[in-house]
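For reference, the structure is listed below as structure tokens.
Every read-out reported here was derived from the displayed coordinates using simple, explicitly stated rules and does not represent laboratory data. Every value quoted in this text rests on a predicted model; they were computed, and no experiment measured them. No Cβ is skipped: glycine too gets one built from the backbone with ideal geometry, and neighbour counts run over all protein chains shown.
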Amino acid sequence: MASPVWKGSLSFGLVNVPVRLFGATEHHGTRFYQLQRGTSDRVRYRKVNERTGEEVATGDIVRGARVDGDYVVLEPEELDRIALGRSRVLEVSAFVPAGSVEPLWYDSTYYLAPQIAASARPYRLLCAALERSGRLAVASFVMRHRQHLAVIGPQHGVLTLSTLWWADEVRDPDAVLPDIPQAQVEEHELDLAGQLIESMAQEWRPTDYTDDYQERLAELIQAKHSGRRPGYTEEEPEPRRTAVTRLVETLRASLRGGAAGAGQGAGR
């Protein structure tokens, strides 16, 4: 079993449930190393003193914040004290409709589990109650010297916790994106686009999707290691963009014949 990344108490109302937090996701794929070209020598990073160039032991490294050109050193126990007792409490403050939290706000996802056998009943109760109500619990807690906003909800018969970005961390699209010109959408265009969406509608099944790039990367590495050519075929050229003047024709072609029809309606 994986090791928990956090232990504490889930608090809602007057109920306190000892819980543990486990990572729910992990990255798979090829791990790259940095090598000096022409050799098999690894290139490594070391933590060194900027002034002396000497390597610094992990135990001698402390956190510091810069203020007016100076550094203020913060010891671990000082950071623990400002957690206001919340470093071990996952405190629910509200219950919101599940669909009201947009994907933009989600950061990382974890599994929640009872810490002791006696916690199982209130844990299962909260899981079932959230399932029935169609709501998510909004909570906050401190982990790794940082306070997190999170939502808790039922998935696959267990509780999951997803950390969220704070409101001031989400960029305003007007401040990030270039100006997007206004464009008039005609009703018949909207109808055709809706028909295309419905023709491609499916149930969400994550296992239907595979990481093709990682498969091709593994094949490339194995081929180079054994001195042969990769067995995969080259990618087809990137499709041409759709001309605005042929948008309706392209939508209709997509509905008639899928990729072949769409290709006939491609623009310049």
key: segment 123-242: radius of gyration and largest Cα-Cα distance (Dmax), Å   = 23.2, 59
Extension reserve of the Ser133-Leu14 stretch, reckoned as 0.36 nm per residue once the Cα distance is removed = 40.9 nm
ask   = Rounded to the nearest 20 Debye, what is the dipole magnitude of segment 1-107 about its Cα centre when Lys and Arg each give +1 and Asp and Glu each give -1 at the C-beta?
value = 440 debye
note = Within the chain, excluding any GluC sites (Glu not before Pro) found in a DSSP loop (not H, G, I, E or B) and having at most 11 other Cβ atoms within 10 Å, the longest uninterrupted segment runs 55-185
inquiry  = Using a 7 Å offset from the Cα along the Cα-to-Cβ direction at both Trp204 and Arg229, what is the distance between the two label points in nm, to one decimal?
reply    = 4.3 nm
message = Please report the equivalent ellipsoid semi-axes of segment 5-103, computed as sqrt(5 x eigenvalue) of the Cα gyration tensor, largest first, in whole Å.
response = 39, 26, 14
query = Which shape class, rounded, prolate or oblate, goes with the chain when its Cα gyration tensor gives a ≥ b ≥ c as root eigenvalues, a/c under 1.5 marks rounded, and past that a/b bigger than b/c marks prolate?
reply = oblate
task = Give me the number: length gained by fully extending Ala183 to His28, i.e. 0.36 nm times residue separation minus the C-alpha to C-alpha distance, one decimal in nm.
result = 51.7 nm
ask   = For segment 87-190, which chymotrypsin sites (Phe, Trp or Tyr not before Pro) are in a loop by DSSP, counting at most 13 other Cβ atoms within 10 Å?
value = Trp166
ask   = For labels at Glu78 and Glu55 in the simple 7 Å Cα→Cβ model, what's the distance in nm?
value = 2.9 nm
query = If you place +1 on the Cβ of every Lys and Arg and -1 on the Cβ of every Asp and Glu, how big does the dipole about the Cα centre of the chain come out, in debye to the nearest 20?
reply = 1020 debye
ask   = Rounded to the nearest 0.05, what FRET efficiency do Asp191 and Arg42 have when you use their Cβ-Cβ distance and R0 = 51 Å?
value = 0.30
note = Toy charge model, Lys and Arg Cβ at +1, Asp and Glu Cβ at -1: segment 83-188 dipole around Cα centroid in debye, rounded to 20, equals 1080 debye
remark   = Candidate cut points under trypsin sites (Lys or Arg not before Pro) in segment 20-107, DSSP loop plus at most 13 other Cβ atoms within 10 Å of their own Cβ, are Arg31, Arg37, Arg44, Arg46, Lys47, Arg51
remark   = If R0 = 30 Å, then Gln222 and Asp107, at their Cβ-Cβ distance, give a FRET efficiency to the nearest 0.05 of 0.30
query = Along the charge dipole of segment 1-93, Cβ charges K/R +1 and D/E -1, which of Val92, Ala57, His28 sits furthest on the positive end?
reply = His28
